[in-house]
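The values are calculated or read from the model by the stated rules, or taken from the named source; none is laboratory data. Because the structure is predicted, anything quoted here is derived from the model rather than measured. Heads up, the Cβs are rebuilt from the backbone with ideal geometry, glycines too, and the neighbour counts pull from every protein chain shown. The protein model used for the area step is the full one, side chains on, heavy atoms only, and it has no ligands, DNA or RNA in it. Shrake-Rupley method; radii C 1.70, N 1.55, O 1.52, S 1.80 Å.
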Amino acid sequence: MDFLRPASWEEALAAKAEHPTAVPIAGGTDVMVEINFDHRRPEYLLDLNRIGELSEWEVGQESVRLGASVPYSAIMEHLRTELPGLALASHTVASPQIRNRGGVGGNLGTASPAGDAHPALLAAGADVEAESVRGTRLIPIDTFYTGVKRNALEPDELIRAVHIRKADGPQQYSKVGTRNAMVIAVCAFGLALHPETRTVRTGIGSAAPTPVRAREAEAFLNAALEEGGFWESGKIITPAIAKQFAALASGACNPIDDVRGTAKYRRHAVGIMARRTLGWTWEQYRGAGRTLEGAA
């Protein structure tokens, strides 16, 4: 195994172009596990740790540009307001040591359906900034996952950053696992309210071959909130609406039985998480509305 260690982003792109099969490594929290257990033996490893810009972020008017190697611990500490769903997901990532090393770029590159960041990225709305010596392109998160541990990157492309829409409303994240630390999700669910567009987005992890959105559940809830005047009134969502939303979210799953859980359990758990995160986010939305009314 050859070890490539570029000193700049340009050198990294050139190395990837010359060796398309080279596996990028930054935090190493996924790649090194596979190598240590001899599940993977790449011909080339492409070390990106000398490229400082990958660990930087920029908060813009509408979105946050998050470098591919920004660690989860930094998201938790510095971007809790702009990216609350992703910050909550970051809290569930393994141990403090892993959170200090791992980043969203690695989750996206591995494209495991159990990756903790995926539901939050889907719910918030994100674009993956991919680059090669041929140029740069933005890949919408909805089209990024193409199969089990497969993504839309071309062989010569590297993930440079992720552009994530800043929260314009409450976001929540929930995960089921056997314990709090060092655990791979049995299933996970992310939910984001977008009051500016009066829409709701979701993200489901570890309950289908790829991370997915519960699109029918979103469409149902969007219509119910609009037709019932919930956005304007801030009134409590009825149990019937919450129950139907949960059922549709559960129906969006296409899980398998494995050592971590059965398909039946995953569907059930996603429904429970959908109902609970809807309750949590809506209470936050109602509370924010009452605060604004009181201030006025």
Exercise for review: Could you tell me which numbered condition S73 fails, if it satisfies all but one of (1) surrounded by 19 or more Cβ atoms within 10 Å (Cβ to Cβ); (2) over 12 Å from G103 (Cα atoms); (3) in contact with a helix residue (DSSP H, G or I) (Cβ under 7 Å, 6 or more places away or on another chain)?
Suggested key: (2)
Check your understanding: Which one of these does T178 not meet: (1) buried (at least 18 other Cβ atoms within 10 Å of the Cβ); (2) modelled with pLDDT under 95?
Key -> (1)
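Conditions (1) within 20 Å of R50 (Cβ to Cβ); (2) out of contact with any Asp or Glu (no Cβ under 6 Å at 6 or more places or on another chain); (3) of a type in the set (G, A, S), marked per residue:
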site	(1), (2), (3)
G109	yes, yes, yes
L121	no, yes, no
D142	no, yes, no
H163	no, no, no
Practice item. Of the conditions (1) out of contact with any Gly (no Cβ under 7 Å at 6 or more places or on another chain); (2) surrounded by 16 or more Cβ atoms within 10 Å (Cβ to Cβ), T238 clears all except one; give me its number. Key: (2)
Practice item. Could you please give the count of residues in the range 86-106 that are open to solvent by 20 Å² or more (accessible area, probe 1.4 Å) and either touching a Cys at 6+ places or on another chain (Cβ under 6 Å) or not hydrophobic (A, V, I, L, M, F, W, C) (or both)? Key: 8
**Study point:** Close pairs (6 angstrom Cβ cut-off, 6 or more residues apart or separate chains): without any contact (Cβ under 8 Å) to a residue 40 or more places away in the chain and within 14 Å of L221 (Cα to Cα) in the range 239-257, among the aromatic types (F, W, Y) and assigned to a helix (DSSP H, G or I) anywhere
**Key:** L248/F220
Review point. When you look at D142, is it of a type in the set (D, E), under 15 Å from the mean Cα position of the chain (by Cα) and part of a helix (DSSP H, G or I), yes or no?
Key: yes
Study note, to complete from the structure: Taking the range 1-59 and keeping residues small (G, A, S) and surrounded by 13 or more Cβ atoms within 10 Å (Cβ to Cβ) leaves A12, A14, A15, A17, A22, A26, G27, G28, S55
Practice item. Identify the residue in the range 202-222 that is touching a Lys or Arg at 6+ places or on another chain (Cβ under 9 Å) and buried (at least 24 other Cβ atoms within 10 Å of the Cβ) and, among all such residues, is farthest from S90 (Cα to Cα). Key: A207
Point to revise | Complete set of residues in the range 114-129 that are within 25 Å of H194 (Cβ to Cβ) and surrounded by fewer than 24 Cβ atoms within 10 Å (Cβ to Cβ) | key: G125, D127, E129
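Could you list all residues from the range 13-26 that are in contact (Cβ under 8 Å) with a residue 60 or more places away in the chain, touching a helix residue (DSSP H, G or I) at 6+ places or on another chain (Cβ under 9 Å) and not in a loop (DSSP other than H, G, I, E, B)? Steps first, answer last, please.
Residues of the range 13-26 that are in contact (Cβ under 8 Å) with a residue 60 or more places away in the chain, as a first pass: 13-14, 16-17, 20-21, 24, 26.
From the residues that got through so far, the ones that are touching a helix residue (DSSP H, G or I) at 6+ places or on another chain (Cβ under 9 Å) too are 24, 26.
Within the range 13-26, just P24 meets the criteria.
Can P140 be described as out of contact with any strand residue (DSSP E or B) (no Cβ under 8 Å at 6 or more places or on another chain) and farther than 19 Å from N254 by Cα? Steps first, please.
Details: out of contact with any strand residue (DSSP E or B) (no Cβ under 8 Å at 6 or more places or on another chain): no; farther than 19 Å from N254 by Cα: yes.
Here the answer is no, as P140 does not meet what is asked.
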Exercise for review: Tell me which of these V186 doesn't satisfy, since it passes every other one: (1) surrounded by fewer than 24 Cβ atoms within 10 Å (Cβ to Cβ); (2) within 14 Å of the chain's Cα centre (by Cα); (3) among the hydrophobic types (A, V, I, L, M, F, W, C).
Suggested key: (2)
Exercise for review: Considering every residue within the range 27-35, establish whether at least one is assigned to a helix (DSSP H, G or I), among the acidic types (D, E) and closer than 17 Å to R134 by Cβ.
Suggested key: no
